[in-house]
Amino acid sequence: MNISIIGAGLGGLSAACLLAAKGHQVSVFEKNGNVGGKMNISETDGYRFDTGPSLLTMPFILDKLFKECRVNLSDYLTLQPLDPICKYFYPDGTIFNNYEKKSATIEELESIAPEDVEAYTKFLNYSQSLYQKTADSFIFNPLYNFEDLKELDLLSFFGIDAFTTVSKRVDSRFESTYLRKFFKRFTTYNGSSPYLAPATLNVIPHVEINQGGYYVKGGLYKVAEAFEKLAISLNVDFIFNAEIDRISVEQKTAKGIVLKDGSHIQSDLVISNSDATETLTQLIPSGNISSKRKKKAESIEPSCSGYVLLLGIDKTYDQLVHHNIFFSEDYEHEFKQIFQEKVMPDDPTIYIANTSYSDTEHAPEGHSNLFILVNAPFLSKHYDWDSNHQKYGDIIIQELEERGLSELSNHIRVRKHITPNDFYEKYLSNKGSIYGTSSNNKFSAFLRPRNKSREIDKLYFVGGSTHPGGGIPLVVQSAFNAVNLIGRYEEN
């Protein structure tokens, strides 16, 4: 088949590789000038920044994709476990290192939260049980029709802890405020609030802590480059700076795409790696999907967005490791501001990826590259980024100085920012969201857009805005789901 893919994000790249390996003729049309989508890179004056994901989990999904394409992942990427996985700074000055070795973490806990040492181990076992109940039923299952739903184990469904929130479950298990904040933060991995999202998302600590979190030697953008290299070796065509005007639809069937320059591309199949809401509301000509379906797409709650500061500084800070988190004082208030008031938090939790800690070539000798991320509301009338982006960056820098990064402002040599406006304008993500669709609903696993359109034949969806969700491994899995459905409906 002749297949057109809209977007060279990781979902589009994954689908391109899998389908080309099966012998299809695949062309990828990308709005921007390089692959990766929100997994991107910025380089200035010797400072290199990954501007997308900073941690890789579930590498076995990537390994599976490369094996399906008859090559080895290790020939393309070098994965490095990090120790500590992450360092946490609490407002009262307490520091907690979450180490790769469980025994080292337990030793840390004995000094800061001895009352919860046993609870820590039990919670990770509970997190593992959630994974065992959800992986095959929800993550690796297209959940498209009855054939998929009948595979669900009803007992497993009632055992995934969907009827309380992440926050309530964590609070019921721990006495220490330190561990309560620690375990609630994992919900932000898919852009949701621990005070709204179902406790099912307590599966995430298992994925990072029990299974392991990894860094990719050279930076996470190497993942996108590896997928591009693999795709090219499989004769995938890439057309860059090619913005899509619409999907060509005839008699409820996708027939190809039309570019902004007027070019018509005929295709046997179309896969959209553009945000699913954007695709359904902007790329499909009116009259081809029902108003009910369009309204449903428009009503999907996006994940949160983010405000990013890229700081190249002419010094190193001994207290910073590769991954660092500075917790806010009032975590619940922070999430209320982000998700309910839709404004930037007065006192944000601040994440810093300092990849020069592991890759010295990412900054000049004796310097550091700080990727600083603060969770932000998706775009709305409640917050004006045009007038606030510089001021909010100043607030973050001042806060970090007060938390131990002394005289940070005096050592900045490169400063850039990325706002929710940028995420929308560059990637057309729904309201500037980073992680696609939020999981602030107990039935979110069933509400995400499926990987095949129900109203238009030969139109498929991949990416973080579709099933099974955002983050590197789940985005790659979305491509496996789409290819599974293509095999089911198009190749037989």
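What are the pairs, 6+ residues apart or on separate chains, where a residue within region 63-88 that is over 19 Å from residue 351 (Cα atoms) and in contact (Cβ under 8 Å) with a residue 40 or more places away in the chain has its Cβ under 9 Å from a residue that is in a loop (DSSP other than H, G, I, E, B) and of a type in the set (Ser, Thr, Tyr)? Final answer for the pair search is 66/76; 80/358. Does residue 54 meet the test of being in contact with a Ser or Thr (Cβ under 8 Å, 6 or more places away or on another chain) and surrounded by fewer than 24 Cβ atoms within 10 Å (Cβ to Cβ)? For residue 54, the condition - in contact with a Ser or Thr (Cβ under 8 Å, 6 or more places away or on another chain) and surrounded by fewer than 24 Cβ atoms within 10 Å (Cβ to Cβ) - is met. Pairs meeting the criteria (first residue in region 289-314 and more than 19 Å from residue 47 (Cα to Cα), second residue hydroxyl-bearing (Ser, Thr, Tyr) and in a strand (DSSP E or B), beta carbons under 6 Å, at least 6 apart or on different chains) are 300/437. The listed residues are 143, 124, 77, and the only one of them that is modelled with pLDDT of 95 or more and in a loop (DSSP other than H, G, I, E, B) turns out to be 77.
Taken residue by residue, region 23-30 has at least one member that is more than 24 Å from the chain's Cα centre (by Cα) and part of a loop (DSSP other than H, G, I, E, B).
Collect the residues in region 406-448 that are assigned to a loop (DSSP other than H, G, I, E, B), at pLDDT 90 or above and over 16 Å from residue 338 (Cα atoms), keeping them in residue-number order. Within region 406-448, 406, 407, 428, 429 qualify. Screening 57, 105 for residues that are over 15 Å from residue 214 (Cα atoms), among the β-branched types (Val, Ile, Thr) and touching a helix residue (DSSP H, G or I) at 6+ places or on another chain (Cβ under 8 Å) leaves exactly one candidate, 105. The condition of being modelled with pLDDT of 95 or more, farther than 30 Å from residue 25 by Cα and crowded, with 20+ Cβ neighbours inside 10 Å holds for only one of 184, 168, that being 184. Suppose the filter is at negative phi and buried (at least 19 other Cβ atoms within 10 Å of the Cβ); does residue 67 pass it? Considered against the rule, which asks whether it is at negative phi and buried (at least 19 other Cβ atoms within 10 Å of the Cβ), residue 67 comes out as no.
The values are calculated or read from the model by the stated rules, or taken from the named source; none is laboratory data. In this text, all values refer to a predicted model and were calculated from it rather than measured experimentally. Glycine also receives a Cβ, built like all others from the backbone with ideal geometry; neighbour counts cover every protein chain displayed.
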